[in-house]
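One structure is given here, and the rest of the page talks about it.
The values are calculated or read from the model by the stated rules, or taken from the named source; none is laboratory data. Only a predicted model underlies this, so the values are computations on that prediction, with no experimental measurement involved. Here Cβ is always computed from backbone atoms with ideal geometry, including for glycine, and neighbour counts include all displayed protein chains. Just so you know, the surface numbers come from the protein's heavy atoms only, side chains and all, with ligands and any DNA or RNA stripped out. Shrake-Rupley method; radii C 1.70, N 1.55, O 1.52, S 1.80 Å.
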Amino acid sequence: GALRFASGSAKGGNTGVMNVVTGGVSSSAAGRISLYAGSGYSGIGGFIGVTGGQGSGGGRTSLTGGGGSGMHGIGGLVTLTGGNGATGSGGFVLISNDPGDSTSSGSIITSSANMATDGSSGHLVFSTGSSSLGNSGPVLIGTSPATAGRGGNIHVLVGSGNSGIGSTFSCVAGRSMRSTGGSTVIDGAEGTASSSGVIAVISSNTGALGSSGCLAFSSGHGIQGNSGSCFWQSGSSTGGSAGGVSISVGSGSSGVGGILILSAGCGMANTGGPAVASNGEGTTTSSGAILVFTMNAGANGASGALSFSTGLSKAGNSGALLLATGASTGGRGGSTRLHVGSGRSGTGGFVSVASSRSAIATGGSTKLVSGGGSASSSGIVVFLSANAGAVGASGPLAFSSGIATTGNSGGLSFGTGAAVAGQAGRILISTGSGTSGEGGNMILAAARSTKKTGGDLCCGTGEGTATSTGIISITSANTGVSGASGKLVFSSGSALIGNSGVILIGSGSATGGCSGLVSLSAGSGTSGTGGSVHLFAGSTIGSVAGGGAYINAGRGSVGDGQVCLKQDSNAVLTISSSSISSQHQTTSLIASSGISVASSTGLTLSGNSGVTFSSGYVHGFECTASTTVVSSAAATVNTMGGVLTSESSTLGAGSTEMITLSNTHIVTSSIIWVTIKSRCLTGYVSVSSVTASSGSAAIVMYNLGDAACTSTYQLFFLVLN
């Protein structure tokens with residue numbers, strides 16, 4: 001039967017109190033009070049209910065452990081335990097409040113009591129029991145849904161303290177001995193008609209001293225497998241823009257700003273992990289931009305540097321650095337630009353592109369290549385300095401190879417590419433024009449050598465395999481309103497010990513045509529004396545002769561060329577290998593000492609009005625140095641003049657004798673002058689007559705004296721044609 005313990009009801013006052021108490025004891029444990037419901041062998045076990053009474057304010061129901069007295073007495077334990085299930089699940093322990101009919105339902109508060117003067121307040125432990133064969137039970141902390149409002153908040157808060165480091169808040173998923181550990185998921189609630197909820201992970205503000213707390217997002221270490229990945233990602237959106245991902249360092253009022261480091265993992269036995277920054281794809285329009293920039297500087301200081309660099313390498317090559325835009329199938333490739341910002345003080349910032357240095361081999365190359373055009377022209381490569389401001393000059397352009405200590409310095413090549421079906425591109429090097437001062441100089445200089453011959457400077461035209469080669473044109477520009485056009489100076493350098501350099505101006509040889517013309521001419525003018533052309537050989541101060549000036553005509557198989565001096569189109573002096581011809585109104589040959597004219601055959605002097613030797617002394621006729629003795633009344637002398645010695649020494653008084661002179665100069669019209677050089681003794685010989693014929697002359701001598709000659713005599717002859 002049932003047992004009921006109750007106090008009686010009261011109409012106007014309080015009902016009676018009911019106490020179930022065991023007696024106290026001074027030296028042992030107090031008695032226990034136990035409430036048991038009966039077992040049900042085929043049904044449900046008995047129910048024990050403890051309920052506060054109903055009233056204008058509901059009665060309170062309190063379960064309190066007993067207090068502990070003494071120095072080390074511990075308070076009594078209060079235990080609420082569900083029943084054991086022999087063949088099924090154990091019983092539930094349910095703590096709930098009743099609903100409020102017209103307002104909020106009551107709160108359920110689980111707390112440990114405040115501490116006394118010493119010690120800590122009690123723990124709160126919410127834990128499921130351990131499991132031998134199945135899963136341990138879950139722990140669910142949640143608020144119920146609301147049909148006309150919003151779901152209730154959940155706050156998990158660590159209390160503050162007045163000393164020491166603040167207490168830790170830790171959320172740890174379950175560990176697995178044989179499989180993957182449990183996941184920790186923090187999920188913002190879905191908003192079916194609006195935005196989903198925000199997940200905010202922040203450390204609290206710092207106090208008067210110290211730093212705000214760190215935020216560390218890290219996967220655990222991997223012993224034999226890979227460590228876990230870390231994803232920062234906003235969700236995709238079907239009707240709007242995907243959410244942004246922002247990682248930023250907070251600002252500070254003192255010291256250097258905080259550092260932001262994005263670092264890929266280290267590979268102890270293999271390649272380290274890559275660090276990839278990519279923008280979002282635009283399936284119907286442009287993909288997103290990637291911006292890497294430093295913030296603006298404040299009132300003082302400089303904006304931060306941007307450094308893109310690969311790491312050092314101990315045994316292999318260091319990593320490559322690629323700045324490139326992607327290919328485009330329906331448009332043009334994107335531009336790549338390196339630009340230094342402008343400034344208002346000091347020299348402008350510079351752009352430096354330098355390839356790597358090698359300690360044991362050739363240094364790295366630096367290449368600037370324009371894009372190819374498969375259906376049209378390739379792109380342009382432009383090197384230029386910016387325009388100068390109101391004051392100053394525009395920046396110079398320096399193309400130079402580096403200095404070499406033991407080998408040759410690098411070459412410098414400017415060239416255009418070959419063209420298969422068109423014309424090769426031209427190379428234009430020019431200085432800019434100016435409105436004041438002299439024009440800019442252009443200097444082409446080969447290298448100087450301290451031990452050997454200096455470098456060569458060569459200018460060559462392009463070869464024309466099927467037609468003419470190109471032209472080399474060296475000209476100074478036309479003059480302006482006043483002044484003269486610029487000089488052209490072709491000169492070899494001076495020499496201290498050896499010979500100065502040679503200047504050779506010539507056209508090349510031709511195997512199937514004429515060799516090219518070489519022309520030196522002074523330009524014409526409208527006032528003043530015409531320009532002169534001077535050819536000077538080098539002079540010397542030593543005990544040797546000065547240099548010669550030579551003009552050589554070309555040789556030919558059917559005739560040699562001529563050297564002509566012309567006045568306009570008229571040849572004034574023509575010199576060939578066989579003759580010299582001067583055709584001019586007056587020709588003067590004036591020498592301070594002498595003029596020698598010689599011919600291996602004949603020398604002709606002619607003048608319509610005669611040949612005048614003025615009052616000068618004419619000498620140097622061709623004659624023999626020795627006397628020719630007449631033999632058998634004949635003598636042979638093939639010179640213009642000569643001396644003959646008579647054969648006879650006994651020419652009688654009043655007698656004659658004839659001497660035949662054979663001479664290749666004598667012709668029938670020759671004028672032969674014969675005179676006595678020395679007379680014979682006792683006689684008086686004279687020339688009676690001279691008759692010329694081809695190759696010889698008959699000279700008749702006559703003794704005008706009263707006595708016969710007792711010795712020979714000598715004659716002098718001169719042949720004039």
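Enumerate cysteines in the chain without a disulfide-compatible partner, where compatibility requires another Cys Cβ under 4.7 angstrom.
Singleton cysteines: 171, 214, 230, 266, 458, 459, 514, 564, 623.
Take residue 248, project a point 7 Å from its Cα along the Cβ direction, then tell me which residues of the range 194-212 have their backbone nitrogen under 20 Å from it.
198-206, 212
With every protein chain left in place, what is the accessible area of residue 700 in Å² (1.4 Å probe, nearest 10)?
Using a 1.4 Å probe on the heavy atoms, I get roughly 40 Å².
If I model a spin label at residue 175 and residue 111 as a point 7 Å from the Cα along the Cα→Cβ vector, what separation in nanometres do I get?
The two pseudo-label positions are separated by 3.4 nm.
For the range 380-482, state the average projected area of the convex hull of the C-alpha atoms over all orientations, rounded to one decimal in nm².
For the range 380-482, the mean projected area of the Cα convex hull comes to 12.3 nm².
For the pair residue 153 and residue 632, how long in nm is the line joining their label points, each one 7 Å along Cα→Cβ?
16.2 nm
Between residue 599 and residue 677, what FRET efficiency follows from the Cβ-Cβ distance if R0 is 25 Å, with the result rounded to 0.05?
Working: r = 28 Å, r/R0 = 1.12.
According to the calculation, E is roughly 0.35.
What is the mean projected area of the alpha carbon convex hull for the range 194-261, to one decimal in square nanometres?
8.5 nm²
At a Förster distance of 25 Å, what's the computed FRET efficiency of residue 236 paired with residue 275, Cβ-Cβ distance as r, to 0.05? Provide the component values of the computation, followed by the final result.
Details: r = 24 Å, r/R0 = 0.94.
The formula returns an efficiency of 0.60 here.
Using a 1.4 Å probe on the protein chains only, how many percent of the accessible area of the chain belongs to carbon and sulfur?
51 percent
May I ask for the Rg/Rh ratio of the range 682-721, computed from Cα atoms with Rh as the Kirkwood radius, given to two decimals?
My calculation of the ratio gives 1.06.
Given points 7 Å out from each Cα along the Cα-Cβ axis, report the residue 560 to residue 165 separation in nanometres with one decimal.
The modelled label-to-label distance comes out at 11.2 nm.
In terms of the ratio Rg/(2.2 N^0.38 Å) built on C-alpha atoms, what value belongs to the chain?
Working: Rg = 64.4 Å, N = 721, 2.2 N^0.38 = 26.8 Å.
It is 2.40.
Before I look further, what does the range 194-318 give for accessible area per residue, probe 1.4 Å, in whole square angstrom?
Result: 94 Å² of accessible area for each residue.
Calculate the FRET efficiency for residue 295 and residue 127 from the Cβ-Cβ distance with a Förster distance of 56 Å, rounded to the nearest 0.05.
0.70
For the range 523-595, what does the relative contact order come out to in percent, with C-alpha contacts under 8 Å and a separation of six or more?
After rounding, I find 13 percent.
Heavy-atom accessible area of residue 187 with all protein chains present, probe 1.4 Å, nearest 10 Å²?
130 Å²
Rounded, prolate or oblate: which fits the range 553-624, taking a ≥ b ≥ c as square roots of the Cα gyration tensor eigenvalues, rounded meaning a/c under 1.5, else prolate when a/b beats b/c?
On the way: a/c = 2.28, a/b = 1.43, b/c = 1.59.
Judged from the Cα gyration tensor, the range 553-624 comes out oblate (a/c at least 1.5, b/c at or above a/b).
When the dipole is taken about the Cα centre of the chain, and only Lys, Arg (+1) and Asp, Glu (-1) are charged at their Cβ, what size is it in debye, to the nearest 20?
Dipole magnitude for the chain comes out near 1980 debye.
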